[in-house]
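The values are calculated or read from the model by the stated rules, or taken from the named source; none is laboratory data. All of these numbers come straight from a predicted model, not from anything done at the bench. All Cβ positions, even for glycine, are placed from backbone atoms using ideal geometry, and neighbour counts span all protein chains on display. Surface accessibility is based on the protein's heavy atoms, side chains included, excluding ligands, DNA and RNA. Shrake-Rupley method; radii C 1.70, N 1.55, O 1.52, S 1.80 Å.
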Amino acid sequence: MITIADNLNTRNKTYLDAVSKRNKKAIAELAIKLKESGADMINLQCSLDGSGDEETLPWLVEVLNVAADTLVSLDSRNIPALKKAVPLCEKPPLINFISKTEPDNQGELLSLASHFGAPIVIRASSGAIPSSLEAKMQIIETLLEMANEADIPNERIFVNPSLVHIGRGMGQKHLVNSHECVTILRELIEPRINTIAWISNISTGLPKAIRKPLEASLLTYMAGAGLDAAMVDILDPNIRKAIYLIKAFRDEIVFSQADLS
């Protein structure tokens with residue numbers, strides 16, 4: 001499983017403060033800590049809507065190039081920012097994400113990913129998150145066809161079934177059909193496609209004491225469906241233990257009792 005640290009996000013006040021002050025040392029220290037905690041990739045988010053990303057996102061990429069030498073996921077709705085940032089990455093970044101409604105110019109984003117050989121996330125969303133598995137699959141089918149037509153092969157596509165907060169509305173139903181979605185994609189799509197989920201999103205709005213154990217349980221549940229990549233809070237010990245066990249059960253690492261103590 002590919003572990004993507006989602007810690008550098010707009011909810012992280014320490015990180016946002018370092019970004020606003022252009023504090024390279026603080027950003028570098030955060031990135032190194034994430035890598036040492038087991039992140040295979042670091043997701044970079046500067047804003048929710050892409051505002052100001054043209055300057056901030058390329059700067060962050062350059063800081064991480066020097067500090068952590070790790071793969072990055074570029075989480076931005078701002079195509080001009082992505083055009084600046086993608087060429088700066090030492091290895092093709094994961095472009096996160098394209099949906100049925102975002103960005104406005106989908107073709108331009110797909111062309112960028114195709115030109116640089118970058119993997120891209122397809123999100124099962126049309127502005128609102130569909131509540132049924134059938135609706136999610138229809139969106140995925142449309143976006144997958146668009147990506148393939150842009151010369152992006154399935155091996156570079158990650159499908160996100162769009163998890164929502166379990167404590168609100170139809171959260172549990174979304175959770176179940178997201179699990180089913182991952183299973184179906186693995187079984188039916190040829191050539192094989194990758195799946196990804198933003199695990200941290202499931203616990204939004206819940207008491208702090210139960211958030212991380214809930215996320216760790218969800219991660220294990222989704223892994224059972226065959227999930228390929230997960231966006232997680234890599235600094236949390238519950239999450240790290242779950243990742244370790246998933247990789248051990250999949251025979252991706254050699255299990256050692258000492259590693260869990």
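Couple of notes before you dig in:
- Distance between the C-alpha centres of the stretch 52-104 and the stretch 1-30: 14 Å, rounded to the whole angstrom.
- Normalised contact order of the stretch 92-149, rounded percent, pairs of Cα under 8 Å and 6 or more residues apart: 38 percent
- Farthest toward positive dipole pole in the chain [+1 Lys/Arg, -1 Asp/Glu at C-beta], among Asn78, Val19, Leu144: Val19
- Sorting Leu163, Leu48 by solvent-accessible area of protein heavy atoms yields Leu48, Leu163, largest first, with a 1.4 Å probe.
- List Met146, Met41, ordered by accessible area with a 1.4 Å probe, largest first: Met146, Met41
- Fraction of beta bridges assigned by DSSP in the chain that are antiparallel (%, nearest 5): 5 percent
- With a cut-off of 13 Å between beta carbons, the residues surrounding Arg156 carry a summed charge of -1, where Lys and Arg count +1 and Asp and Glu -1.
- For the stretch 69-171: relative contact order, % (alpha-carbon pairs under 8 angstrom, 6 or more apart): 25 percent
- Rounded to the nearest 20, the size of the Cβ-charge dipole of the chain about its Cα centre is 920 debye, with Lys and Arg at +1 and Asp and Glu at -1.
- For the chain, with +1 on Lys and Arg beta carbons and -1 on Asp and Glu, the positive-most of Ser203, Leu57, Phe255 along the dipole: Ser203
- Taken per residue, the accessible surface of the stretch 182-261 reaches 51 Å², heavy atoms only and a 1.4 Å probe.
- The residues of the stretch 21-76 expose on average 46 square angstrom of accessible surface per residue, using a 1.4 Å probe on protein heavy atoms.
- Based on Cα contacts under 8 Å between residues 6+ apart, the chain shows a relative contact order of 17 percent.
- With the highest mean first, a sort of the peptides 106-113, 81-88 on other beta-carbon atoms found within 10 angstrom per residue produces 81-88, 106-113.
- Counting only Cβ charges, +1 for Lys and Arg and -1 for Asp and Glu, the dipole size of the stretch 109-228 around its Cα centre is about 740 debye.
- Residue-wise HN-Hα couplings along the stretch 40-49, as the Karplus relation 6.51 cos²θ - 1.76 cosθ + 1.60 with θ = phi - 60° gives them from phi, are 7, 8, 10, 7, 10, 10, 9, 7, 7, 10 Hz; Gly and Pro carry x.
- Of all lysines in the structure, those lying under 27 Å Cα to Cα from Lys25, and not within fewer than 8 positions of it along the same chain, are Lys13, Lys33, Lys35, Lys83, Lys84, Lys91.
- Size check on the chain: the Cα extents along the three principal axes, sorted descending, read 49, 42, 36 Å.
- Carbon + sulfur, % of accessible area of the stretch 25-138 - ligands and nucleic acids excluded, 1.4 Å: 50 percent
- Highest mean packing comes first when the peptides 181-192, 212-223, 250-261 are listed by Cβ atoms within 10 Å, giving 212-223, 181-192, 250-261.
- Ranked by the mean number of other Cβ atoms within 10 Å per residue, highest first, peptides 116-123, 171-178 order as 116-123, 171-178.
- Highest mobility in the GNM of the chain, judged by mean-square fluctuation with C-alpha springs under 10 Å and restricted to His179, His165, His115, is found for His115.
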